[in-house]
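Taken together, the values in this text are just the output of simple stated rules run on the coordinates, not laboratory data. Small disclaimer: the values here were computed from a predicted structure and weren't measured. Every residue, glycine as well, gets a Cβ built from its backbone with ideal geometry; the counts of neighbours run over all protein chains shown.
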Amino acid sequence: MLNNLHFSLVDRNRIARTYHLRWEAFRMSAEIVKKILVVDDELDTRIFLLNILNASGFNPVTANNKADGLKKAVAECPSVIILNMMMPGESGIRLYQHLKQDETLKQIPVIMLSTLDKDTFLKCHNLYGYRQCKAYELIDKFMEKPVETEDLLAAVQDLFALGHV
C-alpha cells in the first residue's frame, strides 16, 4: 500500500513535469522572436546593433562579410537583414544582389547602411558599373551611418507594420 502511494506521487510529478514542458514549448512557439541578421565588417557597428536589437526584444545574428552573411541568411531565415553596403572585398552590394536574385531570400526586407547619403551612393555605384542591378529601386530602407537608435528601431518596426515581414 505504501509503495502504491509512493508510486502515484512519482507518477503525478512525472505527469506534471511533462505537461509543464509541453506548456513551455507551446508558449515559446507562440512567442515568435523576430530574427534580424546584421552584416557589417566593422566590429563596433556589429556590437552596437547587436545591443540595440537585443534590448528591443529581437534575436540578432551577426556576420562580418558577404560569404558569412549569405550563409547565415540561408541558415537562419531572418525576418530582416541590416546590411552595410560599403565593405572591403566582396561588398555588401554583391550580397544584396545575391539576396534579391535568390527565390527564397528575395522576400526578406533589407535595411541598407552606408556612410554615403542615398543619392551619392547610387551615383557612385553607377560609375563603378553596378548599373545592371535594378534591385536598388526596390530598397526597403536606406540609412546613413552612424545610425540613430530610434531611427533604426523605427525602420525595423515600419517593415514589420507594413507587412514586409
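Below are the figures for this structure:
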| read-out | value |
| --- | --- |
| Net charge, Leu113 excluded, C-beta distance under 9 Å - Lys, Arg +1, Asp, Glu -1 | -1 |
| Greater than 22 Å apart at Cα, pairs in Lys35/Lys118; Lys71/Lys118; Lys71/Lys145; Lys118/Lys141; Lys106/Lys145; Lys35/Lys106 | Lys35/Lys118; Lys71/Lys118; Lys71/Lys145; Lys106/Lys145 |
| Extension gain (nm, one decimal) between Thr115 and Asp158, 0.36 nm per residue minus Cα-Cα | 13.3 nm |
| Segment Ala67-Glu42, extension gain: residue separation times 0.36 nm, minus the distance between their alpha carbons | 7.5 nm |
